[in-house]
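Note sheet for the following structure.
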Amino acid sequence: MRHLRLFPEKTRINFVRYRHIAVTLSVIVMVAAFVMLFTHGLNFGIDFRGGVTIEVTTPGEADVAAMRTQVSGLGLGEVQIQEIGTTGRDVLIRVGQEKDVASNENEIIVAKIKAELGDEVEYRRVEIVGPQVSGELVMAGVQAVVIALALMFVYIWFRFEWQFGAGAILSLAHDVLATILVFSFFQIQFDLATIAAILTVVGYSMNDKVVVFDRVRENLRKYKKMDLGELIDLSINETMSRTLMTAATTLIALFALFIFGGEVIRTFTFAMIFGVFVGTYSSIYVGTPVLMAIGVNRDWSAPAKSAKTA
């Protein structure tokens, strides 16, 4: 029985040959991310800007479209209304906080929404997120990403060598900054779901880099005299089929979520889709060029018993 192969099992692509072009492009992306972040900033969602969250239960099946029209007509600014739960009666209403609003503005917004929807709906939860709390959420999100990167570096350092850790941390920082660049340039809403997506991308990307680095380590044991560039090319080509298959199957699920999952998780799935592409790229053209630039101690591990030197 023949197995279905979407990608060739063995490839002979000279990746190292184009590393200078790729590294230049990556540096431009990382610098551009910082420039966009400080000039245009991010389009923070309600989670980071503050605002009002109201959870209601309707007597019958909720007409989300009609409720959206009602609440949007009040002129309250950015309004998000979504169905939650499985009963079809629970609805979550979120209103973003505008800049420089009065201290009692959010209470007025809650009163207007209640007046518009009337007493027929049950108000199960009303939360007001002020500027201080939203600012703390921003800092918590940044800390989560930084801590994740630091722990990944420690993990790679102990599993391989510090050179591999440096390649991994630069690759992951590249992935995070590239995602931020896209969100800042296109002013896509950036919220807690996006932070969750970035952390998921960091984990996915790290898994891909561990596979490549592990093959590099194995080949360092086997081919003591092979040129490092040739060895890295060999390692990438040997893991390419696995990398592409993993990315393809992940993207199938993500595109399905992006198309059919609705507006609520669209920014999350978009960040994940972009992260899969950029994470695969950085495994080849950010992590391994770092190894070539700083070098690897080729005698750090004893050769495998069955290995033959090149």
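Nothing in this text is a laboratory measurement; each read-out follows from the coordinates by a stated rule. The shown structure was predicted, so the numbers you read here are calculated from the model rather than taken from an experiment. All Cβ positions, even for glycine, are placed from backbone atoms using ideal geometry, and neighbour counts span all protein chains on display.
Given a Förster radius of 35 Å and the C-beta distance between residue 12 and residue 294 as r, what FRET efficiency does 1/(1 + (r/R0)^6) yield to the nearest 0.05?
In this case the efficiency is close to 0.85.
Extension gain residue 124-residue 245, at 0.36 nm per residue separation less the Cα-Cα distance, in nm?
Working: separation 121, 0.36 × 121 = 43.56 nm, distance 4.54 nm.
The residue 124-residue 245 span can extend by a further 39.0 nm.
So what is the 222 nm mean residue ellipticity for the chain from helices alone, if each DSSP H run of at least 4 adds -39500 (n - 2.57) and you divide by all residues, rounding to the nearest 500 deg cm²/dmol?
Values: 10 runs with 188 residues, N = 310.
Calculated mean residue ellipticity at 222 nm is -20500 deg cm²/dmol.
In vacuo Debye scattering of the chain, one point per C-alpha: log10 I(q)/I(0) at q = 0.06, 0.16 Å⁻¹?
Values, matching the q order: -0.29, -1.26.
Take a quick pass over the chain and tell me how many lysine pairs come in under 16 angstrom between Cα atoms, counting only ones 8 or more apart or on separate chains.
Eligible lysine pairs with Cα atoms under 16 Å apart amount to 5.
State the percent of C-alpha pairs, over all pairs in segment 132-178, separated by a distance greater than 17 angstrom. Numbers along the way, then the final one.
Details: 434 of 1081 pairs.
Of all Cα-Cα pairs in segment 132-178, 40 percent lie more than 17 Å apart.
Any chance you could list P(r) for segment 196-290, counting all Cα-Cα pairs in 10 angstrom bins from zero, rounded to whole %?
Over segment 196-290, the share of Cα pairs per 10 Å bin runs 16, 42, 24, 13, 4, 1 percent.
Show me the helices of the chain, taken as full DSSP H stretches, that run 30 Å or more along their long axis by Cα and average -1.0 or above in Kyte-Doolittle hydropathy. Kindly include the intermediate steps, with their values, before the conclusion.
Details: long enough: 131-159 (42 Å, 1.44); 162-185 (34 Å, 1.42); 192-222 (45 Å, 0.42); 228-260 (45 Å, 1.21).
Length and hydropathy pass: 131-159, 162-185, 192-222, 228-260.
Looking at the chain, which longest stretch skips every one of the chymotrypsin sites (Phe, Trp or Tyr not before Pro) that is in a DSSP loop with at most 16 other Cβ atoms within 10 Å, leaving the sites themselves out? Mind showing how you got there, number by number?
Working: sites that count: 186, 300.
Here the longest segment lacking exposed loop sites spans 1-185.
Taking only the C-alpha atoms, wrap a convex hull around segment 51-129 and report its volume per residue in Å³ as a whole number.
Considering the Cα atoms of segment 51-129, their hull volume per residue is 79 Å³.
Please turn the phi angles of segment 75-91 into ³J(HN,Hα) values with the Karplus equation 6.51 cos²θ - 1.76 cosθ + 1.60 (θ = phi - 60°), one per residue in order, whole Hz, x for glycine and proline.
x, 8, x, 5, 10, 10, 10, 9, 7, 10, x, 10, 7, x, 10, 9, 10
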